[in-house]
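FYI, it's all coordinate maths here, none of it is from the lab. Not measured: the values here are computed from a predicted model. Neighbour counts run over all protein chains shown; Cβ positions are idealised from the backbone, glycine included.
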Protein chains: 2
Amino acid sequence: MPEFMDVHKSMKGVTPEQLMEAHRADLANQDEEGADFKHAWADPTSGMVFCLSEAPSAEAVKRVHDKSGHPADEIYEVSVQA
Amino acid sequence: MPEFMDVHKSMKGVTPEQLMEAHRADLANQDEEGADFKHAWADPTSGMVFCLSEAPSAEAVKRVHDKSGHPADEIYEVSVQA
């Protein structure tokens with residue numbers, strides 16, 4: 001299944017509890033899209049958050065984040081890895 | 001040790017071999033900076049590459065990539081994770 005890195009740019013000040021709550025919302029919404037959200041990395045200073053997922057498509061990633069109430073600003077299919 | 005996600009924005013068309021070569025250059029240069037480059041995810045279509053590392057500082061991450069010949073466009077300390 002394709003893997004995706006999506007980016008959120010406006011989560012300045014995000015706390016560990018808030019990120020965990022956001023991630024749990026994704027986990028709760030991912031099954032109906034056939035997605036698997038694996039990890040999220042946040043920089044509270046800049047507000048950048050990076051989420052790694054496996055999903056059938058970028059649209060599926062978008063729909064999960066939309067349903068969770070934190071739309072992604074950018075979604076990239078990361079087909080090459082090292 | 002702090003963890004960092006850095007971003008390269010101009011690697012359009014990057015192949016698996018090119019990404020592996022770039023990653024190996026980082027691995028070869030990381031010890032003198034006390035850094036540990038863990039993984040790289042690339043989207044050849046957009047040219048975006050995301051690198052995850054542990055390092056003493058963002059400056060150390062910058063120096064490793066500079067020495068490897070592929071400077072990072074952005075470096076974020078990802079102190080919050082889920």
Quiz item: Expressed as a rounded percentage, what relative contact order does chain B have, with Cα pairs under 8 Å and six or more residues apart?
Solution: 44
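Compute the signed sum of charges (Lys and Arg +1, Asp and Glu -1) over the other residues within less than 9 Å, Cβ to Cβ, of B:Tyr76. Kindly include the intermediate steps, with their values, before the conclusion.
Values: positive: none; negative: A:Asp43, B:Asp6, B:Glu74, B:Glu77.
It works out to a net charge of -4.
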Quiz item: What average number of partner chain Cβ atoms lie no more than 10 Å from the Cβ of the residues making up B:41-52?
Solution: 6
Quiz item: Can you list the HN-Hα couplings for the stretch B:14-20, worked out from phi with the Karplus curve (6.51, -1.76, 1.60; θ = phi - 60°), rounded to whole Hz and with x for Gly and Pro?
Solution: 4, 9, x, 5, 5, 5, 5
Quiz item: For the rotation that brings chain A onto chain B, whose beta-carbon in chain A is nearest the axis, and what is that distance in whole angstrom?
Solution: A:Phe50, 3
Quiz item: Along the stretch A:67-79, what does the Karplus equation 6.51 cos²θ - 1.76 cosθ + 1.60 (θ = phi - 60°) give for ³J(HN,Hα), rounded to whole Hz, x for Gly and Pro?
Solution: 4, 6, x, 9, x, 7, 7, 8, 9, 10, 7, 9, 7
Practice problem: Partner chain Cβ atoms within 10 Å, averaged over the residues of A:71-80 - can you pull that number for me? | Solution: 5
Quiz item: How many lysine pairs in the protein assembly as shown, separated by 8 or more positions in sequence or lying on different chains, have Cα atoms less than 24 Å apart?
Solution: 26
Quiz prompt | For A:Val80, distant residues with modelled amide H under 5 Å away | solution = B:Ala42
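Mind putting a number on the dipole of chain A about its Cα centre? Charges go on the C-beta only, +1 for Lys and Arg and -1 for Asp and Glu, and I need it in Debye to the nearest 20.
Values: 7 positive and 16 negative charges, 53 e Å.
Taking the Cα centre of chain A as origin, the dipole is about 260 debye.
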Quiz prompt | Inter-probe distance in nm under a simple model that places probes 7 Å from Cα toward Cβ, at B:Lys38 and A:Thr45 | solution = 1.9
Quiz item: Considering only the label points, 7 Å along Cα→Cβ from Cα, what distances in nm to one decimal separate A:Glu32 from the same position in each other copy, shortest first?
Solution: 5.5
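If you wrap a convex hull around the Cα atoms of the protein assembly as shown, how much volume per residue is inside, in Å³? Don't jump to the answer; show the numbers that get you there.
Values: hull volume 15.3 nm³, N = 164.
Taking only Cα atoms, the protein assembly as shown has a hull volume of 93 Å³ per residue.
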Quiz item: Once Lys and Arg get +1 and Asp and Glu get -1 on their Cβ, which of B:Gly34, B:Ser46, B:His65 lies farthest toward the positive end of the dipole of chain B?
Solution: B:Ser46
Practice problem: Can you grab the distance from the C-alpha centre of the stretch A:1-16 to the C-alpha centre of the stretch B:20-82, Å, no decimals? | Solution: 18
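How large is the translational diffusion coefficient of chain A in µm² per second when you combine the Kirkwood radius over alpha carbon pairs with Stokes-Einstein at 37 °C and 0.692 mPa s?
Translational diffusion coefficient: 264 µm²/s.
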